[in-house]
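The values are calculated or read from the model by the stated rules, or taken from the named source; none is laboratory data. Everything numeric here is computed off the predicted structure, so don't read it as measured data. We place every Cβ from the backbone using ideal geometry, glycine too, and count neighbours over all the protein chains shown. Calculation scope for accessible area: heavy atoms of the full protein, side chains included, ligands and nucleic acids excluded. Shrake-Rupley method; radii C 1.70, N 1.55, O 1.52, S 1.80 Å.
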Amino acid sequence: MPNPFRKRPTRSKTPADAGKKSRSQSAKRAKPKKAPKTMPQVVAAALDDLKAVDIIVLDVRHLTTVTDSMVVASGRSDRHVRAIAGAVVEQSKKAGFRPIGVEGERSGEWVLVDLGDVVVHVMLPRVREFYNLEKLWDMPARPDDAETGE
């Protein structure tokens, strides 16, 4: 019975084999590096991947110092809302952005994902209509704020 642990002799390359790459060399080819994604790009990709509905991005820098932008999106069911929020968290972590907090996962009617510079609200349509965050946060900057630099 042959010994399976015995080292087998290696085959020397012939001149005809010199130009060919072995499988291990071609498998080790470096993949081109992609440019790092920004946090809004990561959030948009996660929302798009799970088919979030009615996505709105609000720039709130002139209204609060807590965050730069808010993203409001809807899901078709409480399970869909939770899945969308989970995808935002998962893809953010993969891209190197750690969520500060996640609220509302248990009920699934309104899940908030706080990423610091971006706050994501994923809601059921009826909850979104009731709270109407778009109207609350979509206020233009006051002209006197622009002049004083506030």
His62 versus Glu109: modelled label distance in nm, points set 7 Å from Cα along the beta carbon direction
3.3
Once ligands and nucleic acids are excluded and a 1.4 Å probe is used, how much of Leu112 is accessible, expressed in Å² to the nearest 10?
50
Listed peptides 100-107, 52-59, 88-95, 120-127 by packing density, highest first (mean Cβ within 10 Å)
120-127, 88-95, 52-59, 100-107
Phi angles of region 89-99, converted by Karplus (6.51 cos²θ - 1.76 cosθ + 1.60, θ = phi - 60°) into ³J(HN,Hα) in whole Hz with x for Gly and Pro, give 5, 4, 6, 5, 4, 4, 7, x, 9, 8, x
